[in-house]
Amino acid sequence: MPEIFYNSVMQSFVFSPLMGVIFAALFTGLTTKLSIQAPRTVVETRKIYIEKRYSHSSKPNSSDGNEVFALGFLLLFVLWKYVQMAPVIHGYIETGLVTMISFCLSGFVVSTLRGQYTSHEWLQRVLIPTFTLATCFPLLSMAKGAITPDLIELASNSNVIQFYTKDITEYGRYYLMFQVFGVCTLILLATLSTFTFVHYLALMNQREGGVLHGLWAWLTGATSKLSGNGAYVLLIILLITTILLLNGQAAEWVIPK
């Protein structure tokens, strides 16, 4: 019986979507239905719950250049380990994506049944991040196809120096580097898409009281940076960047085949 919980197929196609559905149902199902006095549009709701409650000046962030040098120093090692552990890494990403998309779709359905979408603008606000999240699945397939079994075996049977100086070509080095960057932007795209969805889910659900009203209010404030059209522009930029990194186009721009 315990082996079932460690089975990769069960985790990807049963437990992950089940978790997403349960979380979405709990979050959206415990919210009181909207009254006539509740704000109906996105603009009205944002004015009440974001501009008045969570408006604050952001503090500038300062960082030195040592982080960049440290990342550059570790890059070769990270790329080498990524090739070795690619199937495991891709499996975790796939599990996370299934959980995220299940949560978003379940939240969308439950909110629809409870009459939370009081204008077409709400649908637009939640469908766009759901779409960009869904595109992460073909992008993950692209990333899986780039790391072939013979490449994994090659990295497993050599050290980091030998792997990059003797085992692969100059184009291969850039190709793998952009693959890792592409996987990172893929994870970022999925995460920001989910958080953008959560922002509007929280914004619409906190218009009325309920057991989770305090949580919805906190989530609205915590994800307020992802409100507005700027978040959608960022998601589209991340989507295009991830495609160019994972399909090898970026590597060809640097080192033509």
Q | Translational diffusion coefficient (Stokes-Einstein; Kirkwood radius from C-alpha pairs) of the stretch 194-238 at 20 °C, 1.002 mPa s, in µm²/s | A | 198 µm²/s
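Kindly rank 101-107, 171-177 from highest to lowest mean number of other beta carbons found within 10 Å of each residue.
Working: 101-107: 22.1, 171-177: 18.4.
By packing density, highest mean first, the sequence is 101-107, 171-177.
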Q.
What number comes out for accessible area per residue over the stretch 155-242 if the probe is 1.4 Å? Units Å², please.
A. 41 Å²
Q) For the stretch 103-116, in order, what is each residue's ³J(HN,Hα) by Karplus, 6.51 cos²θ - 1.76 cosθ + 1.60 with θ = phi - 60°, in whole Hz (x at glycine and Pro)? A) 4, 5, 5, 5, x, 5, 5, 5, 5, 5, 5, 8, x, 7
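Can you give the direction-averaged projected area of the convex hull of the alpha-carbon atoms in the stretch 116-240, in nm²?
Numbers: hull surface 41.2 nm².
Taking a quarter of the hull surface, the average projection is 10.3 nm².
The values are calculated or read from the model by the stated rules, or taken from the named source; none is laboratory data. As the structure is a computational prediction, the values presented were derived from the model and not from experiment. As a convention, Cβ positions derive from the backbone with ideal geometry for all residues, glycine included, and neighbour counts pool all protein chains shown. Please note that ligands, DNA and RNA were not included when accessible areas were found on the heavy atoms of the full protein model with its side chains. Shrake-Rupley method; radii C 1.70, N 1.55, O 1.52, S 1.80 Å.
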